[in-house]
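Q: Take this structure first; my questions come after.
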2 protein chains.
Amino acid sequence: MSIPTIAFDADDTLWHNETLFAVTSQQIGALLAPYADPENLHRRLVETERRNLRLFGYGVKGFTLSMIESAIEVSEGRVSAREIQEILEAGKKLLAHPIELLPQVRESLESLAKTYNLMMITKGDLFHQESRIAMSGLADLFTAVEIVSEKNSDTYRKILRRYHLDAQDFVMVGNSVKSDILPVLEVSGRAIHIPYEITWELEVAELGDPDPSRCRRLQSIGQVAEVLKEFFQP
Amino acid sequence: MSIPTIAFDADDTLWHNETLFAVTSQQIGALLAPYADPENLHRRLVETERRNLRLFGYGVKGFTLSMIESAIEVSEGRVSAREIQEILEAGKKLLAHPIELLPQVRESLESLAKTYNLMMITKGDLFHQESRIAMSGLADLFTAVEIVSEKNSDTYRKILRRYHLDAQDFVMVGNSVKSDILPVLEVSGRAIHIPYEITWELEVAELGDPDPSRCRRLQSIGQVAEVLKEFFQP
């Protein structure tokens with residue numbers, strides 16, 4: 001039997017991400033309070049992001065552009081250049097934000113790397129994700145890192161082919177049902193869902209009641225080793 | 001002998017790119033003429049882009065954010081939300097702009113693909129480059145496509161290793177001396193420089209007088225086949 005490959009999502013699986021976006025959104029909400037109540041602004045921002053996804057893809061730069069667009073919309077053109085500058089600065093702060101690993105991440109990965117082939121599969125902005133991976137100090141634990149523009153079943157099929165992996169020997173670990181779990185089950189891989197404290201509106205999906213021999217939900221990355229033992233027991 | 005690999009840059013080598021940025025810059029210059037003369041604005045934009053490169057990387061989204069930042073700067077905060085909206089729209093138009101292939105690109109690649117292993121190596125925004133490659137209709141001519149965040153000698157070294165290529169059998173074709181030529185010569189590959197009508201300020205570099213057995217400058221992609229014959233004559 002070949003060594004199983006365990007692939008990890010990065011944002012909100014290995015390190016905090018969505019909470020940073022949420023804090024930034026809140027700050028912008030407070031900044032733009034003279035023009036719109038925060039809930040209305042937030043709804044418009046999510047709508048704008050959804051509309052722009054086809055052009056911008058994922059990541060902080062697209063988020064910042066969508067925030068500026070929403071600010072102009074909700075203020076009906078009254079937002080000032082200085083306020084837009086603050087939105088720009090908030091976007092830059094997000095880009096430069098240090099990596100905060102989730103609990104037990106480093107020790108779990110170090111331990112798993114002794115038994116399994118570890119891979120990172122993350123979507124988003126190539127440049128920003130590369131610099132975060134470098135900042136995380138985790139890069140050496142992975143034999144391969146794939147930064148992709150979208151995570152659907154085609155993406156996983158291509159990765160399995162590229163690395164000559166058998167879906168039976170492939171497990172994806174991540175926080176997003178839509179990106180990390182459902183498409184992996186679709187290509188006959190296995191998946192471990194570790195929910196993060198919040199989920200971005202555009203990532204929400206239902207997992208239903210999957211077969212426990214192929215899919216599990218855990219509280220923490222520290223429990224992954226146990227499940228892998230069950231998945232790969234001889 | 002293994003089949004030589006000929007790698008092509010994309011922007012301004014296979015399709016028009018920098019001219020579109022230049023036209024957009026001009027339009028924004030006209031829009032902001034009440035606040036700054038176009039030359040001053042342009043200088044500030046290049047400075048802003050250079051400063052932000054470390055955070056934004058390459059691509060239209062970063063360019064658009066830098067344009068907004070420059071507009072606020074040169075107008076000393078007087079630029080209106082409607083004017084910023086026009087900058088946003090200009091950025092979106094760039095992202096959605098159809099691909100215009102350079103002359104002789106399709107027929108040259110189709111012909112070269114019969115003899116050589118063709119690869120595309122392009123830097124920039126992952127999401128945007130993927131959609132442009134799909135739109136170009138050229139994807140099937142390449143056995144591999146690499147979208148990278150930066151093109152330096154390390155990047156080329158990694159690609160050679162990843163595809164098990166010998167530098168002696170590798171030729172890079174591109175318009176940027178800084179990104180496509182110098183780093184490839186540095187890792188002992190060969191390079192063909194095909195200048196584009198304009199060069200982005202941040203890509204300007206001197207080629208000097210390289211050894212013609214390892215580096216050539218051509219007018220058009222239509223001449224590449226001839227040079228490759230000389231490079232790989234038995």
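The values are calculated or read from the model by the stated rules, or taken from the named source; none is laboratory data. This one's a predicted model, so the numbers in the text were calculated from it and none came from an experiment. Glycine gets a Cβ as well: all are built from the backbone with ideal geometry, and neighbour counts include every protein chain shown. The protein model used for the area step is the full one, side chains on, heavy atoms only, and it has no ligands, DNA or RNA in it. Shrake-Rupley method; radii C 1.70, N 1.55, O 1.52, S 1.80 Å.
Q: Please verify whether region A:216-224 includes one or more residues that are in a helix (DSSP H, G or I), over 23 Å from A:Val145 (Cβ atoms) and modelled with pLDDT of 95 or more.
A: Yes; the residues of region A:216-224 include at least one that is in a helix (DSSP H, G or I), over 23 Å from A:Val145 (Cβ atoms) and modelled with pLDDT of 95 or more.
Q: Please go through region A:114-152 and give me each residue that is within 13 Å of chain B (Cβ to nearest Cβ), in contact (Cβ under 8 Å) with a residue 60 or more places away in the chain and of a type in the set (A, V, I, L, M, F, W, C), ordered by number.
A: Matches in region A:114-152: A:Ile133 only.
Q: Consider region B:63-86. How many of its residues are more than 9 Å from chain A (Cβ to nearest Cβ) and of a type in the set (A, V, I, L, M)?
A: 2
Q: I need the full set of residues from region A:87-103 which are of a type in the set (A, V, I, L, M) and either within 11 Å of chain B (Cβ to nearest Cβ) or open to solvent by 40 Å² or more (accessible area, probe 1.4 Å) (or both), in order please.
A: A:Ile87, A:Leu88, A:Leu94, A:Leu95, A:Ala96, A:Leu101
Q: Restricting to region B:181-217, and then to whatever is touching a residue at least 12 places away in the same chain (Cβ under 8 Å) and acidic (Asp, Glu), can you tell me which residue is most open to solvent (accessible area, probe 1.4 Å)?
A: B:Glu206
Q: Right, another one. Within region B:13-132, considering only helices (runs of 4 or more DSSP H) that don't extend past its boundaries, which have at least 1 residues that are among the basic types (Lys, Arg)?
A: Ranges flagged: B:38-56, B:60-74, B:81-96, B:105-112.
Q: In region B:28-62, how many residues are within 13 Å of chain A (Cβ to nearest Cβ), without any contact (Cβ under 8 Å) to a residue 60 or more places away in the chain, open to solvent by 10 Å² or more (accessible area, probe 1.4 Å) and closer than 21 Å to B:Ser179 by Cβ?
A: Counting residues in region B:28-62 that are within 13 Å of chain A (Cβ to nearest Cβ), without any contact (Cβ under 8 Å) to a residue 60 or more places away in the chain, open to solvent by 10 Å² or more (accessible area, probe 1.4 Å) and closer than 21 Å to B:Ser179 by Cβ gives 3.
Q: Next question, about the same structure. Looking at A:Arg106, A:Arg82, A:Arg78, which one is out of contact with any Cys (no Cβ under 6 Å at 6 or more places or on another chain), closer than 20 Å to A:His16 by Cβ and either modelled with pLDDT of 95 or more or buried (at least 18 other Cβ atoms within 10 Å of the Cβ) (or both)?
A: Being out of contact with any Cys (no Cβ under 6 Å at 6 or more places or on another chain), closer than 20 Å to A:His16 by Cβ and either modelled with pLDDT of 95 or more or buried (at least 18 other Cβ atoms within 10 Å of the Cβ) (or both) holds for just one of A:Arg106, A:Arg82, A:Arg78, which is A:Arg106.
Q: Something else about it: Is it the case that region B:136-146 has a residue that's part of a strand (DSSP E or B) and open to solvent by less than 40 Å² (accessible area, probe 1.4 Å)?
A: yes
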